[in-house]
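The values are calculated or read from the model by the stated rules, or taken from the named source; none is laboratory data. Quick caveat, the model's predicted, so the values are computed rather than measured. Here the Cβ positions follow ideal geometry from the backbone for every residue, glycine too, while neighbour counts run over all protein chains shown. For accessibility, only protein heavy atoms count, side chains too; no ligands or nucleic acids. Shrake-Rupley method; radii C 1.70, N 1.55, O 1.52, S 1.80 Å.
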Amino acid sequence: MKKISILIPCYNEEENVVPISKAIVEELTKNLSDYDYEIVFIDNDSKDNTRPLLREICKGNPKIKAIFNAKNFGQFNSPYYGMMQTTGDCTILMCCDFQDPIEMIPQIVAEWEKGAKIVSCIKTKSKENPIMRFMRTVYYRIIKKMSSVDQIEHFTGFGLYDKTFIDVLRNLNDPTPFLRGIVAELGYKRVSIEYTQAKRRAGKTHNNFFTLFDAAMLSFTSYTKVGLHLVTFAGLVLSALSIFAAFLYLVLKLLYWDRFSAGFAPMIIGLFFLNAVELLFIGFVGEYVMSVNTRMMNRPLVIEEERINFDNQNA
């Protein structure tokens, strides 16, 4: 009997963990009864009642497991680590807030049974804020054009991954994994399924400007060289303009010695402009350096505090 693993990352989801566990169990037992299953929650150090609720859920069903992180290790490390702890023939990654439709699980599994190793669920429509939807669309298109890898637009990670691809993830040894980019770069025998993303069932989103910026910079520094190329090219252009401006100023000064006086205003404006460009490019380079530094340190993805229903397996 094949086994399906469902991985659900969570953080402060006390209103959702019980309903989603019940809904998934009902879906699996009703429409995929020929398969064994496990549901793995990985909690990223929730501060509400999520963990006590997960303990009760796991107590009532040994096929539901939980991993409690010692602290919050970020929105990328925790799901990636959780995927490597699953034991099924395939792993389905989905969020805890019901934005990823549970009723799509049989359709996803059917594509896997046809031979797909990865089933990417692409949200072609969304009930989220239209402004956020527009900003995400612009971001995906910019990254896709800049990246050397053909990135997948509006792919959040929701989908199915065959155990052979999970083994690929285990062997990457990447301390700052960006799953969406890894799937685009290394994913094979991949098919896509379109869906409409629903609104969050309950609770508040944990994304803010800083988490979204962090995601953008991780994908930017991991899969594009445009930033570094832009710095080099702009440096050459600005250097040429500076030399031309200096030469022009010298010529005008020699020709109109008594009458020519540019004053300090152009010099001050030019100085502020060049300093602003310099700071921008230092920030670009710093993002790349920080990305390289994090990978060189090779720290663990997460540190576990507790795991439940794993039959005393070591972390």
Practice problem: Among what's in the stretch 89-101 and is open to solvent by 10 Å² or more (accessible area, probe 1.4 Å) and modelled with pLDDT of 95 or more, pick the residue that is farthest from E13 (Cα to Cα). | Solution: D89
Quiz item: Considering only residues of the stretch 162-212 that are open to solvent by less than 40 Å² (accessible area, probe 1.4 Å) and assigned to a strand (DSSP E or B), which is modelled with the lowest pLDDT?
Solution: Q197
Practice problem: Check the stretch 67-84 and report whether any residue there is touching an Asp or Glu at 6+ places or on another chain (Cβ under 9 Å), among the small types (G, A, S), on the phi > 0 side of the Ramachandran plot and open to solvent by 10 Å² or more (accessible area, probe 1.4 Å). | Solution: yes
Quiz item: Among the numbered criteria (1) within 19 Å of T87 (Cβ to Cβ); (2) open to solvent by 40 Å² or more (accessible area, probe 1.4 Å); (3) touching a residue at least 40 places away in the same chain (Cβ under 8 Å), which single criterion is violated by P9?
Solution: (2)
Quiz prompt | The one condition in (1) modelled with pLDDT of 70 or more; (2) part of a helix (DSSP H, G or I); (3) β-branched (V, I, T); (4) farther than 27 Å from E13 by Cα that I142 fails to fulfil | solution = (1)
Exercise. Check the stretch 50-66 and report whether any residue there is among the hydroxyl-bearing types (S, T, Y) and more than 15 Å from R170 (Cα to Cα).
Key: yes
Quiz item: Given the conditions (1) of a type outside the set (V, I, T); (2) farther than 17 Å from Y195 by Cβ; (3) open to solvent by less than 50 Å² (accessible area, probe 1.4 Å), and given that K30 satisfies all but one, which numbered condition is not satisfied?
Solution: (3)
Exercise. Would you check if G159 is at pLDDT below 65 and open to solvent by less than 70 Å² (accessible area, probe 1.4 Å)?
Key: no
Quiz item: What residue, among those in the stretch 293-315 that are among the hydrophobic types (A, V, I, L, M, F, W, C) and either closer than 14 Å to D43 by Cβ or over 19 Å from the mean Cα position of the chain (by Cα) (or both), is modelled with the lowest pLDDT?
Solution: A315
Quiz item: Within the stretch 102-113, can you find the residues that are open to solvent by 20 Å² or more (accessible area, probe 1.4 Å) and either without any contact (Cβ under 8 Å) to a residue 40 or more places away in the chain or in contact with a helix residue (DSSP H, G or I) (Cβ under 8 Å, 6 or more places away or on another chain) (or both)?
Solution: E103, P106, A110, E113
